[in-house]
Structures are given as C-alpha cells and as structure tokens.
Ligand code: SF4
C-alpha cells in the first residue's frame, strides 16, 4: 500500500510539473486517496489533521486546517448533470449519462463525512449543477448537512438559483452560495468577461439580504486573462456582498475542450492581474487551508479582508 502511495504521489507531482493531471487513477490509488482511517470520536478529527500536517511539514501559524477545521472542505457531488457545457469542465465525457445517486446514498455519505471530520465541516453541495436535482431533494440534503452540525455550501452556475430557492435554502441552513460565472461557459449574449458583470450583479441581487455569504468562482484561461483586473474591480465594488472571489487556473482535465493551460497563465501571473485590479498588492499567503504536495501549489490566491478594504 505504501509503495502504491509513493508511486501515485510521484506520478501526480510529475503531472503537476508539466501542468496536467493524470487522466486515470488505479483502484489502489482511489483507495489511498480516500479519507484517512477513523482514529477516534469526531471531536479528535482536529487533532488528527494537525498531526497529519505536522508529518508533511505544513503545520504553521497560518494554517487553518487542524486549527479551525479538520479539513478545508469536502465536496459532495449530488448530480453529474449540468445545464451548461463549459470549455474547461472537469466532468467526464459520460457525466450526462450518469444517474443521480438516490437520497439514501447521499445521506449515507453525509453521515460518513461527519464521522470523519466532525462538526463545522464545510460541505460543498456540488455537481454538475446541484440545482438540477428536484427542489425537495436539494432542500433535504441541505437540511441533513445542517442537522449534523456541518456547514452546507451551494456550488452552482446560478441559472436555476432563483431568489426564492436561495431564500428557502438559507432558511434550511445553507451558509454560503458560490456562483461560477466566466467566459468558458459560452453563455449567449455576453461577448466578454466585463459584459458578464451584469449577470454577476443579477446573482448578487438575488442573494442580497439573505443570511448567505456570496462567493464567485472564475476560471482563468487565455480568453479572459487580460480581463482579470476588470473582474477584480467589479468584486471590490461589490465587496459588501461578495465575501470571496476565487480564481482557478484552467486545468487540462475532464470533458472540457480547452486542453492544456497556456504557459503565460501561472499562479504568479494571475496574482499580478489580481493585484492590478485591486489597486494594491494583496497578501496571498496570509492563510493556508489544508496541504498540497508542494507548498504554494494549492494556489491560495485571495485575501478576504484585503478584498473588502481594497
Ligand atoms: S464546469 Fe460546472 S457549470 Fe460548467 S459545465 Fe461543468 S459542471 Fe457545469
């Protein structure tokens, strides 16, 4: 088992060096990538995380994992269907043919997340687009996560995330909503990232006044790299509602047609674009959330307070 783990980590490191992810994982690798074995009651999950980070040399005063939370977050995929077809989509070619998991299995997974990581764990309800599940089912899933003392977050492209739905989900215990909006999505009627700001504004208004933190996810690719400063200016103008802006570099994985990332799009070049839009140099290593194979490769590229006050 240990040998397979080392081999997988070597393969992943090699792939990251060449800016691409391995396409397939073996059965052994999938087993290794699973949650760590339970070592005690949920309350000890923090201690286990701290120990794990110390073992890989990534325990420091800026590290939140093991201090505030036992894990950065857990993604709970409740459907693989989506009403968009992004050019950088990470799903597989066959995702539209995959049946949704029954609620009983999703509930089992929620309970398993709790058993491994305990209360206050951020659970990203994601997909595909999770709003494609029946509304009643989505409500049940959010309620179940909340009832276990964890923090449900909705990851959506926003198309079906109406004000009415967001309000009902907030009342059911949702704490954050993360909207994915960018030019890789090919939305009709929008010719540039700057044009998409009107859609972002619409999403902001849908969530305004609800007990929800609002996040935006943006994939950076050659088609919008030059516009990153403009998007950042938009987020700064709306920092009364937007709590976090996440910029994710195009990854050559999944069904998306974009393929490998151009060489000029790097963590450092995107940081420069963000600083340009913020009008000030932001601190990109104030906090760390979890561990990566090599420090800084996890690309924590935002600073909430700086965005708020820029
Ligand atoms: S990246 Fe997200 S929004 Fe885009 S097609 Fe894939 S699942 Fe849908």
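The values are calculated or read from the model by the stated rules, or taken from the named source; none is laboratory data. Since we're looking at a predicted model, the values are computed, not measured. Using ideal geometry, Cβ is built from the backbone for each residue, glycine included, and neighbour counts are taken over all protein chains shown.
A search for C-beta distances below 6 Å between a residue of the stretch 167-191 that is closer than 18 Å to residue 232 by Cβ and any residue that is at pLDDT below 95 and crowded, with 20+ Cβ neighbours inside 10 Å, counting only pairs 6+ apart in sequence or on different chains, returns 184/86; 184/88. Filtering the stretch 77-97 to residues that are farther than 30 Å from residue 262 by Cα and either within 12 Å of the ligand (Cβ to nearest atom) or touching a helix residue (DSSP H, G or I) at 6+ places or on another chain (Cβ under 7 Å) (or both) leaves 78, 79. Restricted to the stretch 118-140, and to residues there that are more than 16 Å from the ligand (Cβ to nearest atom) and more than 18 Å from the chain's Cα centre (by Cα), the residue that is surrounded by the fewest Cβ atoms within 10 Å (Cβ to Cβ) is 136. Evaluating residue 154 against the criteria (1) in a strand (DSSP E or B); (2) closer than 29 Å to residue 265 by Cβ; (3) away from the ligand (no atom under 16 Å from the Cβ) leaves one unmet condition, (3).
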